[in-house]
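Below is one structure, written out as structure tokens; the observations come after it.
Taken together, the values in this text are just the output of simple stated rules run on the coordinates, not laboratory data. None of these values were measured; they are calculated from a predicted model. Cβ coordinates were reconstructed from backbone atoms using ideal geometry, including for glycine residues, and neighbour counts include every protein chain displayed.
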Amino acid sequence: MAFDLTGHIALVTGSTTGLGKGIALSLGQAGAKVALNYFNNSERAERALQEFKDAGIDARLYRANVVDPESIGAMVSQIGNDFGGSIDILVPNATPDQPHKPIEEYDGEFYQQMYDFFIKSPFLLTQAILPGMKKKGWGRIVNLGSEVYQLSVGNFSPYVAAKGGQTGWTRSMATELAPTGITVNIVAPGWIPTERHDNDPQEEKDAYFANIKMRRWGTPKDVGDAVLYFASEEASFVTGQTLCVNGGNSPW
């Protein structure tokens with residue numbers, strides 16, 4: 001079977017809702033054991049865990065702050081104990097709110113939050129799981145980027161800047177880790193409607209939809225299946241790349 005992840009252990013952060021849940025489902029349905037991570041809303045997290053169990057996926061739930069090294073270390077250690085092996089697929093997906101504002105309305109604290117989630121968190125997570133990957137001589141790190149970097153979206157400067165930094169970090173790590181059998185790539189979604197977008201203005205959704213060449217909205221499964229490709233053995237010679245999942249809403 002193509003994209004068979006049997007025997008692998010995946011950690012997807014922020015994976016009890018939205019895109020993260022879709023990614024974790026794709027990995028789990030391909031045979032990976034899945035560590036689901038959350039920090040807020042334990043009731044929702046428990047419902048998500050039951051959904052995975054109902055689908056026959058070997059999944060467990062871990063509460064951790066993914067910008068705190070101690071919390072990450074405790075989570076990674078517990079995952080290893082629970083699943084009887086080390087994480088070899090890492091998808092840093094957790095994200096805070098992302099309001100659109102002109103630069104005058106942002107502050108330094110918000111810029112720092114973007115850095116913490118999209119550069120610091122992947123760095124801390126990678127440091128924590130890298131020994132196990134290097135010991136195996138196999139690993140997959142798939143960052144969640146965004147089309148906003150390619151499109152240079154305005155009124156969104158902290159997020160766009162952080163995603164640009166994340167792209168540079170990914171490419172650097174891909175070069176550094178290539179000799180070890182570990183690949184590092186990015187899946188960059190467009191606007192994929194999830195629970196967080198329920199209250200977005202309809203006129204904004206309509207304006208975005210008008211630019212989607214494929215004439216349909218993307219789904220969390222579309223993003224999850226792209227991550228699944230990068231996580232698979234079939235992508236073993238692909239590293240340092242960005243795959244936009246947006247129905248053609250990209251500059252060519």
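Taken as Cα centroids, segment 82-148 and segment 1-80 sit 15 Å apart, rounded to the nearest whole angstrom. Only one of the values [x] 27, 20, 19; [y] 37, 26, 14; [z] 24, 22, 17 was calculated from this structure for semi-axes √(5λ) of the Cα gyration tensor in Å; name its label. Of the listed options [x] 27, 20, 19; [y] 37, 26, 14; [z] 24, 22, 17, [x] comes from this structure.
Dipole orientation for segment 65-199: of the candidates 75, 184, 143, 184 has the Cα lying most toward the positive pole (charges on Cβ; Lys, Arg +1; Asp, Glu -1).
In segment 58-125, one over the average inverse separation of all distinct C-alpha pairs is 13.8 Å, which is the Kirkwood hydrodynamic radius. In the chain, the longest principal axis of the Cα atoms and the axis of helix 42-54 are about 60 degrees apart.
Evaluated over the chain, the count of Lys pairs having alpha-carbon atoms less than 26 Å apart is 27 (only pairs 8 or more residues apart or interchain). Pull up all non-local amide H partners of residue 244: gap of 5 or more, or a different chain, and H-to-H distance under 5 Å with H placed in the peptide plane. For residue 244, the qualifying residues are 188. The listed peptides 71-81, 159-169, ordered by packing as a protection proxy, come out as 159-169, 71-81 (highest mean of other Cβ atoms within 10 Å first). Each peptide in 51-64, 223-236, 122-135, 3-16 receives the mean, over its residues, of other Cβ atoms within 10 Å, and ordering these scores from highest gives 3-16, 223-236, 122-135, 51-64.
Rounded to the nearest 20 debye, the dipole magnitude of segment 109-252 is 540 debye, with +1 charges on Lys and Arg beta carbons, -1 on Asp and Glu beta carbons, and the Cα centre as origin. Once backbone amide H atoms are built at 1.01 Å from N, residue 62 has 36, 37, 38 as its partners under 5 Å, excluding neighbours fewer than 5 places away on the same chain.
Backbone geometry of segment 231-237 corresponds, through the Karplus equation with coefficients 6.51, -1.76 and 1.60 at θ = phi - 60°, to 3J(HN,Hα) couplings of 7, 8, 5, 5, 9, 5, 10 Hz, x marking Gly and Pro.
Using the average count of surrounding beta-carbon atoms within 10 Å as a protection proxy, the listed peptides 175-184, 140-149 rank, highest first, as 140-149, 175-184.
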